[in-house]
Amino acid sequence: MGEEVQVKGWVNSRRDHGGLIFIDLRDEQGVIQLVITPDTPDAFKLAETVRDEFVLAATGKMRERAPELKNPNIPTGDIELVVSDLKLLNKCEPLPVNTHDEGEQSGEELRLKYRYLDLRRPYMQNIIRERSRYYQYLRAYMTERDFVEVTTPILANSSPEGARDFLVPSRLKPGYFYALPQAPQQFKQLLMVGGVPRYFQIAPCFRDEDPRADRLYGDFYQLDLEMAFVESGEVVRRTMEPLIKNLATDFVDKKLVMKSEAAKEFYVDFAEDDKEAGLALTADGTNGDKHPEYKIPRIPFEKSMDLYGVDKPDLRYGLELIDLTEDMKGCEFKVFQTPCVKAIRVPNGASLTRSQIDNFTEQARKLGAGGLAYIIYENGTERSPIAKFLKESELKAIKEKTGAEDGDAVFFGADTREKVNKVLGQLRIAFADHFGLKSDDEVALCWVVDFPFYEWNDGEEKLDFCHNPFSMPKGGVEALDAAKTDEDRLKIVADQYDMVMNGYEICSGAVRNHNPEVMYKAFGALGYDEKVVEQRFGGMLNAFKFGAPPHAGCAFGIERIFMVLENTENIRDIVAFPKNGSGIDLMMSSPSTVDNNQLEDAHIAIIEDEE
């Protein structure tokens, strides 16, 4: 108090009380009240003209506010600056968006067009600072475990990563193209060949795939990492899972939970210690896990689909899919005369109104179901349109198998196993939303493992890689040689793993295919000859012929993780300059056309679509 200081910032608000003018001046740290009196005529005259978002510098002395004028709602509410000198640094035109609220008063499209103004909102200021702190946390975790940060090229070659490439024409090599990397996959594997023991980077990635609430369009970042001399995905999983657990509890103070009892079947106890297992440890020989009591299940892909209907299950709640196929064999109810019958028990489901049940039924129909059968348990009886078609023994089996009690409802799916899983899996999520089973204060984690190596591509009516060709099939060459038909090949399992956080896939990784023979055979099963493989992946194949060590790694979607940590369902809310839901940068008006000289330099011609 009493010291002369200078503050600079934007006018948050101005109040003229006749003989006194109060200005709330704002910067990235908060707001402070300026008091301007007629005793400083130049400052007072200027203060009479300022408006919201004018940029000012104010010099004066700090003083404590009178008790009745203190504002307990802001950190600086007990003090104010009595201004002796006021300078106008810049004016501001009438604002097209509101910089004071949480974004409700200005639509997203308008806020994205004027993102530089939207960034002034306290929420966005906090997000930018938190994201910086988040990056520091990630880097500290990796460097403490002796990972080496390496940046990899942005101009690269086209690679089958599961999405469309962004292509960049070569001026110096007409007719040839670079591709912006969908991931640094090939480069990080080549680093392993080059003798780098542990690599990481916060890597920019580029994918031309449709945006959605949890996926940015165009460019995004991932925590990319790889470890040499690793032959088991468990080494990578156990090295990295403390990072996510510690982020959830230390970085944002959430609670680690596991509400699905079925998932606990997939807990794993490890006999060897971390050093023997080959984990990347800190200097003191520990893995830095602050919550060893919280176990993360390893759920096989097929089990995840059977239990939850999805390969990224939210385990903050139960609502598992319960298989009744065997119990309903011989059932005379025509709807249940299908290859698969499953059910979901919904606690307190008896509270659903008829119109709410109709809404869930309509959702099931949109997913391909013929309808949605159900039983409601009330007052010791079953209330249901289908009860009269079921035998007493079948009703008893349903109740016992699902564990249904008074007040519960049981909903059924009957069709092929694939369709039943799809329909009930989405209804499981819808029921959780309806009954408020997803707490923002909780984090539930799991690993989904053992993904199919191949999958059937309906569009092209042929086999394709389920994820990418760089994963090692479990069983190696022997597994590929033993598979004689497409049906056999669909049973091959990749040593691949995803981490799931509150129903979002936040990480994907695998033990890599470092053996040229395995790569030739993996592509050969899809009809590619060795020349095609060498043409597309010659750099990697040649490198693997010179003593490539076994290696494994993964990549975490750091925007998606941050989105969950910050309790937002729109990933654009946590990015400084995102594109909109159509992939357009409204602020910079991109994509845009370019002039003919640029096109000629790049050897590109525009062909107009015919009407």
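To the nearest 0.05, what FRET efficiency results for Asp440 and Ser592 with a Förster distance of 51 Å applied to their C-beta separation? About 0.85, to the nearest 0.05.
Distance from the Cα centre of the stretch 392-438 to that of the stretch 252-268, in angstrom? Going from one Cα centre to the other spans 21 Å.
The aspartates and glutamates within cross-link reach of Lys491, meaning a Cα-to-Cα straight distance under 15 Å and a gap of 8 or more places when in the same chain, are Glu302, Asp450, Glu455, Asp464, Glu478, Asp481. Suppose a student asked you for the relative contact order of the chain, using Cα pairs under 8 Å spaced at least 6 residues apart; what percent would you report? RCO, the chain: 14 percent.
Seen from all directions on average, the stretch 215-275 presents a Cα convex hull projection of 7.1 nm². Here the stretch 147-216 has an Rg and Dmax of 13.9, 39 Å, counting Cα atoms alone. Debye-formula intensities of the stretch 401-500, expressed as log10 I(q)/I(0) at q = 0.10, 0.17 Å⁻¹, are -0.48, -0.98 (one equal scatterer per alpha-carbon, no solvent). Report summary: the helix-based calculation at 222 nm, which adds -39500 (n - 2.57) for every DSSP H run with n ≥ 4 and divides by the residues of the chain, gives -8000 deg cm²/dmol.
State, as an integer percentage, the relative contact order of the stretch 177-270 based on alpha-carbon contacts under 8 Å between residues 6 or more apart. Once divided by the residue count of the stretch 177-270, the mean separation gives 21 percent. Annotation note: GluC sites (Glu not before Pro) in the stretch 295-330 located in DSSP loop regions with a Cβ neighbour count of at most 16 within 10 Å are Glu326.
State the extension gain, in nm to one decimal, for the chain segment bounded by Phe577 and Asn157, taking 0.36 nm per residue of separation less the distance between their alpha-carbons.
Details: separation 420, 0.36 × 420 = 151.20 nm, distance 2.66 nm.
Working it through step by step, the gained length comes to 148.5 nm.
Taking a ≥ b ≥ c as the square roots of the eigenvalues of the Cα gyration tensor, the stretch 243-319 is classed as oblate, since a/c reaches at least 1.5 and a/b does not exceed b/c. What is the diffusion coefficient of the stretch 504-611 in µm²/s, taking the Kirkwood radius over Cα pairs and the Stokes-Einstein relation at 25 °C with a viscosity of 0.890 mPa s? It comes out at roughly 128 µm²/s.
Placing a label point 7 Å from the Cα of His100 along the Cα-to-Cβ direction, the residues of the stretch 28-49 whose backbone N falls under 19 Å from that point are 28-36, 47-49.
Quick one: if the Förster radius is 60 Å, what FRET efficiency do Glu418 and Asp39 give, using the C-beta to C-beta distance and rounding to 0.05? Result of the calculation: an efficiency of 0.15.
Qualifying GluC sites (Glu not before Pro) in the stretch 475-575, where qualification requires a DSSP coil assignment and no more than 13 other C-beta atoms within 10 Å, comprise Glu569.
Subtract the Cα-Cα distance of Arg365 and Thr286 from 0.36 nm times their separation in residues, and report this length gain in nm to one decimal.
Result: 23.3 nm gained on full extension.
Each Cα pair of the stretch 31-75 feeds into the Kirkwood radius, which the Stokes-Einstein equation turns, at 20 °C and 1.002 mPa s, into a diffusion coefficient of 171 µm²/s. Just the Cα atoms of the chain, one point each, no solvent: what log10 I(q)/I(0) does Debye give at q = 0.06 Å⁻¹? Once normalised to I(0) and log-transformed, intensities are -0.45. Exposure check, 1.4 Å probe, all protein chains in place: His467 carries approximately 60 Å² of accessible surface.
For the stretch 297-400, the Cα-based Rg and Dmax, in that order, read 14.7, 41 Å. Cross-linked pairs Lys188/Lys579; Lys462/Lys484; Lys113/Lys579: Cα-Cα separations exceed 20 Å for Lys188/Lys579. For the stretch 477-526, trypsin sites (Lys or Arg not before Pro) meeting the loop criterion (DSSP other than H, G, I, E, B) and having at most 11 other Cβ atoms within 10 Å: Lys484. Spin-label model, Arg65 to Glu4: label points 7 Å out along the Cα-to-beta-carbon direction sit 2.6 nm apart.
The stretch 162-217 and the stretch 511-582 have Cα centres spaced 8 Å apart.
Only protein heavy atoms count here; on that basis, with a 1.4 Å probe, Lys91 has an accessible area of about 140 Å². Let a ≥ b ≥ c be the square roots of the eigenvalues of the Cα gyration tensor of the stretch 55-176; is it rounded (a/c under 1.5), or, if not, prolate (a/b larger than b/c) or oblate? The shape class here is prolate. Helix 392-402 axis versus longest C-alpha principal axis of the chain: approximately 50°, rounded to the nearest ten. Charge tally around Ser582: other residues with Cβ under 10 Å, Lys/Arg +1 each, Asp/Glu -1 each, net -1. Only Lys, Arg, Asp and Glu carry charge here, each on its Cβ (+1 for the first two, -1 for the last two); on that basis the chain has a dipole of about 380 debye about its Cα centre.
For a straight C-alpha distance cut-off of 21 angstrom, the lysines reachable from Lys396 (same-chain residues fewer than eight places away being disregarded) are Lys329, Lys334, Lys342, Lys388.
Mind checking the full-extension length gain between Lys173 and Glu293? Use 0.36 nm per residue of separation minus the Cα-Cα distance, one decimal, nm.
37.5 nm
Taking Cα atoms of the stretch 452-508, Rg/Rh with Kirkwood Rh, to two decimals?
Values: Rg = 12.9 Å, Rh = 12.4 Å.
Taking Rg over the Kirkwood Rh, I get 1.04.
Across the stretch 51-169, the relative contact order, built from alpha-carbon pairs under 8 Å that are at least six residues apart, equals 18 percent. Couplings 3J(HN,Hα) of the stretch 415-432, computed from phi: 4, 5, 4, 4, 6, 4, 4, 4, 5, 5, x, 6, 5, 4, 5, 5, 5, 4 Hz, in residue order, whole Hz [Karplus 6.51 cos²θ - 1.76 cosθ + 1.60, θ = phi - 60°; x for Gly and Pro].
What would the Debye formula give as log10 I(q)/I(0) at q = 0.15 Å⁻¹ for the alpha-carbon point model of the stretch 335-477, no solvent? Calculated log10 I(q)/I(0) at the listed q: -0.88. For Glu265 and Ala482, FRET efficiency with R0 = 35 Å and r from the beta-carbon atoms, rounded to 0.05? About 0.75, to the nearest 0.05.
According to the square roots a ≥ b ≥ c of the eigenvalues of the Cα gyration tensor, what is the shape class of the stretch 1-55, taking rounded for a/c under 1.5, prolate for a/b larger than b/c otherwise, and oblate for the remainder? Please report the intermediate quantities before stating the final value.
Details: a/c = 1.85, a/b = 1.20, b/c = 1.54.
Oblate is the answer for the stretch 1-55, as a/c is 1.5 or above yet b/c matches or exceeds a/b.
The values are calculated or read from the model by the stated rules, or taken from the named source; none is laboratory data. Quick caveat, the model's predicted, so the values are computed rather than measured. Neighbour counts run over all protein chains shown; Cβ positions are idealised from the backbone, glycine included. The area values use the complete protein model at the heavy-atom level, side chains included, leaving out ligands, DNA and RNA. Shrake-Rupley method; radii C 1.70, N 1.55, O 1.52, S 1.80 Å.
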